[in-house]
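Below: one structure, written as structure tokens.
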Amino acid sequence: MPNLPFSLALFVISANAIRVPFEIHFSDNILGTSLTRRTPTPVSNTGNAQYVSNITLGGVTLPVLLDTGSSDLWAAFPSNQPSVTDLGKTVSLNYAVGKVGGSIATTSLSFGGYNVDNQAFLYVTDTSTFTSNINAQGYYGLLGLGPNSGSLVRKKISGDSRGDTMLTHIFESHSLSDNYVSFLLDRKGAPTEAFTGQLTVSEIVPGFENITSMPKIDVDKVNRLLKADQHWQILTDQDNGIVGPDGQPLKVDSIVPGCPDGQLVAVIDSGFTFSQVPRDISDQIYGRVQGAYYDTTEEFWMIPCGQYLNLTFNFGGKSYPVHSLDTVDDNFNRVDSTGQKVCLGAFQPITSAFSLLGHYDMILGMSFLRNAYTLLDFGDWVDVNSKTQANPYIQLASVTNPTTARAEFVKVRLGGVDTTGDSKWALLPADQMQHSPVSEEEKKKKYQEMVLSRWPYILLGCLVFTLGTTGYCIWRCCCRKGRGKGGDGKFAGFFKRGGKKGNTGARGFGGEEMDRSSHHKLQDEDSSYYPTSGQNNVSMYALNRTTSNHSQQSFQRQQPPTASSYASPSRSNLLPSNNPYSNAHAQNWDNASTYSLQGGGGPPSPGAGAVQHPQSVYAMNPHAVGSVASVHMQRQEYGGYGTADGYAGQYSR
């Protein structure tokens, strides 16, 4: 047989997905059919590696690959050339493996009994970048069966309806009651073939009507900004999405942000020969097989061909067992280093098709799709106003019976003798499971995915941080400007000299009136004022400046001193030896740094017989140059001097 490619990766690596409500719908109603039933389109199987159907473009018929993983149509005509209209634009279509480029043209199209007058497609003349020998592969183009939004041809000629996909044109131009396609993929190499490959448009393959009773599994939609990367993708069941060869659910860990715990996002893609699954899933399937090894060059698990392995996927509460002939593939005539024939594990670690933007976890290709009749309903992906629109969904009907599959495996691989119970086929203990090595390139991709797949969350986090920081800075500035402001004219912030006219209470630098009934601490730099007594205190004017020599003066009612001395509790040699209130020293107290101004004719002498009783005494103490000046103005009531309730002046620091 021809040397066929291991994997036909047929879609551009995709972008970040977001979660939508995951719903499963059940229906007993058979989907509507057209008035005239069309014969299902035959699907040819080339060595279980490609599935192709015929299409006619501009009068020329040629086989094309059927690919549910992409949305564009391209063709390379081997001999006869069709009649086309070149639109003068070119585009390149990149796939996970290979690419093609060409010019965009339009022509008439026929497929499955439907006709389209003006269908845009990519006219390709060089296919060497897609496959080494397209003639040997049995096809000359590719037909994408994905959503309209995924077409790059449509995007290139935006605004031109001819760029819509073939299926969109068929759905919109024909009186179809439902917008869906369905397909069956047959299996080569099995003792019996229960059916042949078939594809239908808005019709059910006869004999498989039970698919209408299967759960309608909503398609997991991507962000609208990334709708060009939308694919047919669904969620596995939770905690038992994949059941391994030992009958136990495999441990899963999704890379898709927002994917529920215990589930994976799976793309249904008929363009892949082998399914692509997370590396740890592939290891759990094949790593416990005796004699299995991982080929680091081709990045495939190599398995003894007689190894019988069960594998089951669960979607929407239904089980879809995989035929053991599909789990271990014998279609490529591989041998190991000793010349012994080996088979390929058909569920391989996802490498070239790894989703850098965390769009999906795995791709279920032909090795899975041969085990389920598949229906893809486009729902509101098709803009047809007359149709009832709903979310796109997928229905799957299992076509593999595990008992029959086991009997067919024994006949084909074991020569009809069931030796599956022999010890050489027994699985190794879980703690002896082999793990396939991760390449440096794959590590790099995983790191990139970890960052890129979370760009909405990173962007949101940066925005929140920026707004929070800005808000905090604004709040701090406002606090500094209004620090200490309160009601009733109180101000304890930054002061300026001045005051309100007629105000007899204490004043700060800003002229704000302060509470007369209480004492306040006013501080400028490191100087402080601490009131000593509130007795008979009616008003106070305090000024604190500079940073040196904290000073304070107070007057208190005390016992009258003797005529010979004055005592100061906080300063020695405060006064001259004689009475400061004498006429000789009334203006020279403490080296001219303190002045006493009194009403009522000057200070009385304690020794005088008849003394005056002034109503108030005011003292101003500016102190020496360089000191912290504190001016205290106090109103005192004096008793009789020379008696028991006389007056003594006290200067304290």
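Of note:
- Picking from residues in the stretch 161-194 that are open to solvent by less than 20 Å² (accessible area, probe 1.4 Å) and hydroxyl-bearing (Ser, Thr, Tyr), the one that is farthest from Asp117 (Cα to Cα) is Ser182.
- Taken together, Gln389, Gln434 contain a single residue that is modelled with pLDDT under 95 and part of a loop (DSSP other than H, G, I, E, B), which is Gln389.
- Gly244 vs. criteria modelled with pLDDT of 95 or more and either surrounded by fewer than 17 Cβ atoms within 10 Å (Cβ to Cβ) or in contact with a strand residue (DSSP E or B) (Cβ under 8 Å, 6 or more places away or on another chain) (or both): yes
- Residue list for the stretch 193-215, filter: under 14 Å from Arg370 (Cα atoms) and over 42 Å from the mean Cα position of the chain (by Cα): Glu193, Ala194, Phe195, Thr196
- Per this entry, Ser149 is counted among residues that are open to solvent by 30 Å² or more (accessible area, probe 1.4 Å) and in contact with a Phe, Trp or Tyr (Cβ under 8 Å, 6 or more places away or on another chain).
- Looking at Ile303, Ile268, just one residue is closer than 19 Å to Ser324 by Cα, out of contact with any Asp or Glu (no Cβ under 6 Å at 6 or more places or on another chain) and modelled with pLDDT of 95 or more, and that residue is Ile303.
- Residues in the stretch 72-83 that are surrounded by fewer than 20 Cβ atoms within 10 Å (Cβ to Cβ) and either within 14 Å of Asp126 (Cβ to Cβ) or of a type in the set (A, V, I, L, M, F, W, C) (or both): Phe77, Pro78.
- Any chance Gly207 is surrounded by fewer than 22 Cβ atoms within 10 Å (Cβ to Cβ) and part of a loop (DSSP other than H, G, I, E, B): yes
- Selection status of Val116, hydrophobic (A, V, I, L, M, F, W, C), in contact with a helix residue (DSSP H, G or I) (Cβ under 6 Å, 6 or more places away or on another chain) and more than 26 Å from Gln233 (Cβ to Cβ): yes
- Some residue of the stretch 449-463 being within 27 Å of Gln284 (Cβ to Cβ), in contact with a Pro (Cβ under 8 Å, 6 or more places away or on another chain) and modelled with pLDDT of 95 or more: no
- Yes/no for Ser128 being of a type in the set (S, T, N, Q), under 14 Å from Ala75 (Cα atoms) and either open to solvent by 60 Å² or more (accessible area, probe 1.4 Å) or at pLDDT below 95 (or both): yes
- Checklist (1) closer than 29 Å to Gln263 by Cα; (2) modelled with pLDDT of 55 or more; (3) among the small types (Gly, Ala, Ser) applied to Ser44, failing item: (1)
- Residue satisfying condition, being more than 29 Å from Ser182 (Cβ to Cβ), at pLDDT 95 or above and either in contact with a strand residue (DSSP E or B) (Cβ under 7 Å, 6 or more places away or on another chain) or buried (at least 18 other Cβ atoms within 10 Å of the Cβ) (or both), within set Gly101, Gly144, Gly58: Gly101
- Listed by position, the strands (runs of 3 or more DSSP E) enclosed by the stretch 261-339 that each have at least 3 residues that are open to solvent by 10 Å² or more (accessible area, probe 1.4 Å) are 293-295, 318-322, 328-335.
- Where Tyr373 falls short, out of the listed (1) more than 30 Å from Ile211 (Cα to Cα); (2) open to solvent by less than 10 Å² (accessible area, probe 1.4 Å); (3) among the hydroxyl-bearing types (Ser, Thr, Tyr); (4) at pLDDT 85 or above: (1)
- Count of residues meeting criterion [of a type in the set (A, V, I, L, M, F, W, C) and more than 19 Å from Val219 (Cα to Cα)] in the stretch 388-420: 8
- Tally, over the stretch 127-161, of residues that are under 22 Å from Val97 (Cα atoms) and either in contact with a Cys (Cβ under 7 Å, 6 or more places away or on another chain) or part of a loop (DSSP other than H, G, I, E, B) (or both): 14
- The stretch 110-126, residues that are in contact (Cβ under 8 Å) with a residue 60 or more places away in the chain and assigned to a strand (DSSP E or B): Phe111, Tyr114, Gln119, Phe121
- Test result for Asp253, among the acidic types (Asp, Glu) and open to solvent by 10 Å² or more (accessible area, probe 1.4 Å): yes
- When we screen Gly113, Gly69, Gly88 for residues that are open to solvent by less than 30 Å² (accessible area, probe 1.4 Å) and either closer than 21 Å to Val201 by Cβ or modelled with pLDDT of 90 or more (or both), the only hit is Gly69.
- Cβ-Cβ contacts under 6 Å between residues 6 or more apart (or on different chains), taken from a first residue in the stretch 422-439 that is touching a residue at least 40 places away in the same chain (Cβ under 8 Å) to a second residue that is small (Gly, Ala, Ser) and assigned to a helix (DSSP H, G or I), are absent.
The values are calculated or read from the model by the stated rules, or taken from the named source; none is laboratory data. For clarity, every value in this text was computed on a predicted model and none was experimentally measured. A quick note on method: Cβ atoms are made from the backbone with ideal geometry, for glycine too, and the neighbour counts reach across all protein chains shown. We work out accessible area using only protein heavy atoms, side chains counted, and drop any ligands, DNA or RNA first. Shrake-Rupley method; radii C 1.70, N 1.55, O 1.52, S 1.80 Å.
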